[in-house]
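J.: Structure incoming, see below.
Quick note: the coordinates plus some simple rules give every number you see, no bench work behind them. Everything numeric in this text was worked out from a predicted model, so none of it was measured. Backbone-built Cβ (ideal geometry, glycine too); neighbour counts: all protein chains shown.
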Amino acid sequence: MKPCVRPAADAADHTGASITEPGRRPAQDVSMPQTPCSLPRRRFLAVSAAALLGLGAAAPAAARARQVPVPESVLDAGPQAMALTFDDGPSPQYTPQVLDVLRDHGVRATFFVCGDNVGRYPDVVRRIAAEGHVLGNHTWSHPHLGELSAADVRDQIQRTQDAVTEIGGRTPVLFRAPYGEFADASLAVCGDLGLRPISWSVDPTDWANPGSDTIADRVLAGATTGAIVLNHDGTEGGDDDPAPGSGGDRSQTVAALKSYLPRLIEAGYTFTTPDAHPPRRNPSRMFRRSDRLGSA
Ligand SMILES: [Zn+2]
């Protein structure tokens, strides 16, 4: 089954998220992620600077550039506030188990669903919404967006907006690109549709089934103020009609959640969803070493 994210080494190049292996010293800080949006960000800054200097030719371009959002990898939601996210679902098998754990601990999370799966499992989508969680857009069929035309990228996102709105009741305001590949076209669509592109800062690579203890250790090691944790509750679909994203056995993700969630809560962490807070404005003040749990 195709994983949701790139292999760890490659993913680190795109996200800046470091994975602390068990027994190894955790990273001291979560650095500003180097998402694929770094180029658009530089272009935005350059264009904005030109506009400020009164370069008339740049003004229309600056106006357009301001509409393009930048992927967010961390939250600005106060001390020890984190976000849990689950990608590629909903799954009729694993999503309800995740929801049970979250309910037991009174925690809200974000589910980045594929539109194709929304139609397959509408009751699971309704339960996600009914229990107060947030439904985000993860494209229709989980493609590499950089390989699609701008029109196809828009179709992937718009169809999923429509599917979630129809089933879940609330039009998504959050978007996550498959594999973290926020192509320029998807960011432009986000700007048009009012979607905030959401990346992550902690990737336990749960889709590779490294063992629930390893997944939990990686999440605990990466826990810090503002962290956004990437998980997967994807579904396999039918034998003759495989579902998009990371299908396969996600029981390790569920078992890890049961392990790390109460430990994070006991350590003082709270959980929120990105839509509830404005984008981070000053990355330098976000992280405090004392917030880290370290390897567990
Ligand atoms: Zn995915």
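J.: Just report the Cα centroid separation between the range 254-273 and the range 152-219, whole Å.
T.: Cα centroid to Cα centroid, the span is 21 Å.
J.: Between residue 149 and residue 103, what's the calculated FRET efficiency when r is the beta-carbon distance and R0 is 41 Å? Round to 0.05.
T.: 0.50
J.: Check residue 198: other-chain or 5+ apart residues with amide H under 5 Å from its amide H, H built from backbone geometry?
T.: HN-HN under 5 Å from residue 198: 72, 175, 176, 177.
J.: Sort the range 70-154 into rounded, prolate or oblate with this rule: let a ≥ b ≥ c be the square roots of the eigenvalues of the Cα gyration tensor; rounded if a/c is under 1.5, and if a/c is not under 1.5, prolate when a/b is larger than b/c, oblate otherwise.
T.: It comes out oblate by the Cα gyration axes.
J.: Next question. Using the Cα gyration tensor of the range 70-291, with a ≥ b ≥ c the square roots of its eigenvalues, what is the shape: rounded (a/c below 1.5), prolate (a/b larger than b/c) or oblate (neither)?
T.: oblate
J.: Using label points projected 7 Å from each Cα along Cα→Cβ, tell me how many nm separate residue 277 and residue 158, to one decimal.
T.: 3.4
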